[in-house]
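Below: one structure, written as structure tokens.
Please treat every number below as a calculation from the coordinates, not as lab data. Since this is a predicted model, take the numbers as computed values, not measurements. Here the Cβ positions follow ideal geometry from the backbone for every residue, glycine too, while neighbour counts run over all protein chains shown.
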Amino acid sequence: MWDRLPIPQNKILRMKYKLISTNSEWKQGFAFQTKGLILFENEDPIKKGWAAIWEHESPHEDFFLCKSKNGLLDIKNVWDTGNGVVESWSNGAAMWLEEISKGRRYHCNDGHQDDDFDDIIFEIVVQGEE
């Protein structure tokens, strides 16, 4: 239902996300968090809670800085069925991951119980240390 991507601990990392595709009538997104901070350019640091990337309102590719106290970046897919509620980890929610150079590609299924794993596909990679 979610992944814990191991990353170097207590180092400032330049990371990149890329939204590859979506295939659902629901709004699709993904979210990530760490014990530490996440920083997008021109935004306040995220020290607690999830950073959410939505297909309909976020850039489909962007960079961010991450400093993790515990060496883990928690990642999950999220969706909105149209009622404004962010959902995850319910009904048919699942993901499988593919190891790629310096990161992972995620193939996700939302709340539909169809196991097609194409509702949202995205990747997160470590670009290097700052």
Considering every residue within region 104-127, establish whether at least one is in contact with a Leu (Cβ under 8 Å, 6 or more places away or on another chain), more than 19 Å from Ser21 (Cα to Cα) and touching a residue at least 60 places away in the same chain (Cβ under 8 Å).
yes
Looking at Ile20 and the list (1) under 27 Å from Glu130 (Cα atoms); (2) touching a Gly at 6+ places or on another chain (Cβ under 6 Å); (3) among the hydrophobic types (A, V, I, L, M, F, W, C), which single condition is not satisfied?
(2)
Looking at region 21-37 only, could you name the residues that are hydrophobic (A, V, I, L, M, F, W, C) and in contact with a Phe, Trp or Tyr (Cβ under 6 Å, 6 or more places away or on another chain)?
Trp26, Phe30, Ala31
Within region 1-17, how many residues are part of a strand (DSSP E or B) and aromatic (Phe, Trp, Tyr)?
1
